Every structure is written in structure tokens, then in C-alpha cells.
Amino acid sequence: MHPLVRGTWAPKGQTPVYRYRLRHQRHLSTIGALTISPRRRHLGWYLAFHPDRSIRQDEVLGFLRDLLRHVRGPVVLVWDRLGAHRAHRVRAYARKRGRLDLEYLPPY
């Protein structure tokens, strides 16, 4: 989480160096979904932030519970192959709900 530097200046021929003090290493993981209504009239954007930890199956399950509370009807999720997305508990939850279809992107 380094500071964003959009532009700076320096004398010609001297590369500018931006110095900053990093007080502590921070890490931010995010899980999100973009929804499109069946008639393509409404877009939704659902995000969950998890500071200082990685996304694991418990975070995925919590996100799915929240998402299904807000979105009506069938849901198709297209995911990468993160281990948390393919976890046994996540797939079992999707089967149990019935209206949740999990699709995965092909491996690289």
C-alpha cells in the first residue's frame, strides 16, 4: 500500500526519487461481484474488503450468503481458480442453495 504519485518534477537529466516512510506493511484482500439484471437495465456492484488477511473459504462463504440475500433469482458466478473458490465447503454450499451455479475460468 504505497502512496500514489501522479507526477513530479526534477532538474533535466536527474531522475526524481520519491521517498516515503512505510510505517507498517498492510495488505488488503477484496472479493466482489458485478451483477446484471435479466433485462439488462440494472447493474449492481457488491464488494467485501478484508484488511490484513487473505481470502479463504470462510470469507467466500460469507460473501455468498450476503450476495444471495441481496440478489433474487438464479445466480451464475464466473470465478478464477483460487483455491478458496474451489473449496469443498463452497461447492457444497452452492449445491445446497440450488440457485447458485459456479463456473470457473480455464487455467492459464
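Cβ-Cβ contacts under 6 Å between residues 6 or more apart (or on different chains), taken from a first residue in segment 82-96 that is within 15 Å of S54 (Cβ to Cβ) to a second residue that is open to solvent by 100 Å² or more (accessible area, probe 1.4 Å), are listed as A84/R56.
Residues in segment 22-51 that are over 13 Å from the mean Cα position of the chain (by Cα), open to solvent by less than 90 Å² (accessible area, probe 1.4 Å) and touching a residue at least 12 places away in the same chain (Cβ under 8 Å): how many? Adding up the residues that qualify gives 4. Residues in segment 1-28 that are among the hydrophobic types (A, V, I, L, M, F, W, C) and modelled with pLDDT under 70: M1, L4, V5, L22. Residues of segment 66-75 that are open to solvent by 70 Å² or more (accessible area, probe 1.4 Å) and outside any helix (DSSP H, G or I): R72, P74. The number of residues in segment 31-48 that are farther than 17 Å from H85 by Cα and among the β-branched types (V, I, T) comes to 2. For the condition farther than 25 Å from P107 by Cα and modelled with pLDDT under 90, H70 does not qualify. The requirement of being free of Cβ contacts under 8 Å to residues at least 60 places away in the same chain, open to solvent by 70 Å² or more (accessible area, probe 1.4 Å), in contact with a Phe, Trp or Tyr (Cβ under 8 Å, 6 or more places away or on another chain) and assigned to a strand (DSSP E or B) is fulfilled somewhere in segment 100-107, by at least one residue. One residue stands out in segment 76-88 among those that are aliphatic (A, V, I, L, M) and out of contact with any helix residue (DSSP H, G or I) (no Cβ under 7 Å at 6 or more places or on another chain): the one that is surrounded by the fewest Cβ atoms within 10 Å (Cβ to Cβ), namely V76. Give the number of residues within segment 53-65 that are within 19 Å of H88 (Cα to Cα) and open to solvent by 50 Å² or more (accessible area, probe 1.4 Å). Selection size over segment 53-65: 5.
The values are calculated or read from the model by the stated rules, or taken from the named source; none is laboratory data. As the structure is a prediction and not an experimental result, all values here were calculated from the model. Glycine gets a Cβ as well: all are built from the backbone with ideal geometry, and neighbour counts include every protein chain shown. SASA here: full protein model, heavy atoms, side chains in, ligands and nucleic acids out. Shrake-Rupley method; radii C 1.70, N 1.55, O 1.52, S 1.80 Å.
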